[in-house]
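Step one of this worksheet: look at the structure below.
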Amino acid sequence: MLTNIGMGILLTACGNGGMDPVDTGGEEEYVPVRVETVTDNGIGTRAVTLSNAAIGIFRTAPYSATFPQQYDVECIHDGTSWSLASKIYVGSTDASLHAYYPYGKVTFGANSTVTALTVKDHTADNDFCYADAPLTAVNNRTPVASFLLKHAYAGLKFSIACHSTYPLKKCKLTRIVMQPVTSGKTFYVERSMDISKSAADAGQLGGSTASGWSLDTSALAVGTTGIAQGSTDESISKLFPPQDFEDDTRLILTIDGSEYSVTIPYKVLKALKAGYLSTISLEIKGTGVDVSGVKVYPWDTSVVPGGDNDATLD
């Protein structure tokens with residue numbers, strides 16, 4: 001059973017079909033791992049059953065010829081019970097275990113715990129969550145694993161209003177550009193991420209600084225139909241690699257063929273934080289574009305698909 005608790009997921013009884021030990025010919029005893037819970041320490045308490053879902057699990061250490069490293073082992077719920085596609089065995093030494101969700105929606109390098117974070121649409125399948133380690137030690141004395149799943153991405157949403165005094169009736173937005181005000185300052189559209197490392201580890205995230213990010217919205221409703229006067233559009237919602245900014249952020253919007261530039265001060269938007277949704281509110285007027293607000297808060301609406309009952313990551 002997979003249930004939601006606060007900002008994460010509670011996974012119960014994902015086993016290997018029995019705790020049968022392995023005869024290693026005189027070596028120490030190895031037993032299969034049972035994944036018991038995946039939780040977060042959020043403030044929510046409502047539990048929702050999640051079925052027909054799967055997570056991926058890695059065991060990177062210790063390893064030997066008999067028990068090599070294991071990468072991206074599927075742990076799936078078939079609607080009744082949980083099972084691992086391959087047994088994961090542990091000995092007397094604490095195992096290095098890592099997990100992610102949703103299974104199969106994230107691409108890792110061959111025999112690697114490294115994946116790429118790129119700017120994507122904010123959808124349930126793209127909302128990649130991970131645990132760099134189990135909550136407590138896992139070995140042949142305590143072969144039960146519990147994980148804390150965290151969001152890998154930062155959310156960025158645009159709330160764009162067309163003021164009632166805007167002189168043109170169409171208010172068609174065909175492009176958004178986001179960049180640091182000072183060229184060369186930190187800005188990422190793609191980063192590498194190692195899920196075996198914690199967020200506090202400087203080596204968890206890599207990547208090269210980009211000049212900025214551009215989104216062609218000409219084929220979207222905001223570019224074809226436009227934003228009606230006096231109304232607000234919130235259809236543009238993205239997932240970004242987490243990053244700390246060094247400078248003010250500039251937005252350039254192409255509206256009805258004209259470019260409008262607006263600056264968000266660094267003190268207002270210092271970072272795009274993993275697990276947080278930043279909403280930038282803009283208002284289009286006849287005189288230009290104003291920033292009417294920037295809100296940053298923990299996710300509370302990211303849905304994990306689960307068949308008949310969906311669990312929500314808060």
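Summary table
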read-out	value
Cα centroid separation, region 89-118 to region 119-194 (Å)	20 Å
Förster radius 45 Å - calculated FRET efficiency between ALA85 and GLU259, Cβ distance, rounded to 0.05	0.30
Cα→Cβ-extended label distance, 7 Å offset, between GLU28 and ALA228, nm	6.8 nm
Unsatisfied cross-links (Cα-Cα over 29 Å) in the set LYS172/LYS238; LYS169/LYS273; LYS150/LYS285; LYS87/LYS150; LYS150/LYS172; LYS87/LYS157	LYS169/LYS273; LYS150/LYS285; LYS150/LYS172; LYS87/LYS157
Shape call, region 76-133: gyration tensor on alpha carbons, a/c limit 1.5	oblate
Net charge contributed by nearby residues that have their C-beta within less than 9 Å of ASN140 (K/R +1, D/E -1)	-1
Semi-axis lengths, Å, region 154-298, gyration tensor of Cα atoms, sqrt of 5 times eigenvalues	30, 14, 14
Contour excess over end-to-end distance, with Cα ends at THR60 and THR118 and 0.36 nm allotted per residue	18.4 nm
Cross-link partners of LYS267 among lysines (Cα-Cα below 16 Å; sequence separation of 8 or more within a chain)	LYS185, LYS295
Extension gain (nm, one decimal) between LYS270 and SER218, 0.36 nm per residue minus Cα-Cα	15.8 nm
Length gained when the stretch GLU190-ASN111 is fully extended (0.36 nm per residue, less Cα-Cα span)	26.3 nm
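No value in this document is a laboratory result; all are computed from the given coordinates. Remember, it's a predicted structure, so these values are computed and weren't measured experimentally. Virtual Cβ from ideal backbone geometry, glycine too; neighbours counted across all protein chains shown.
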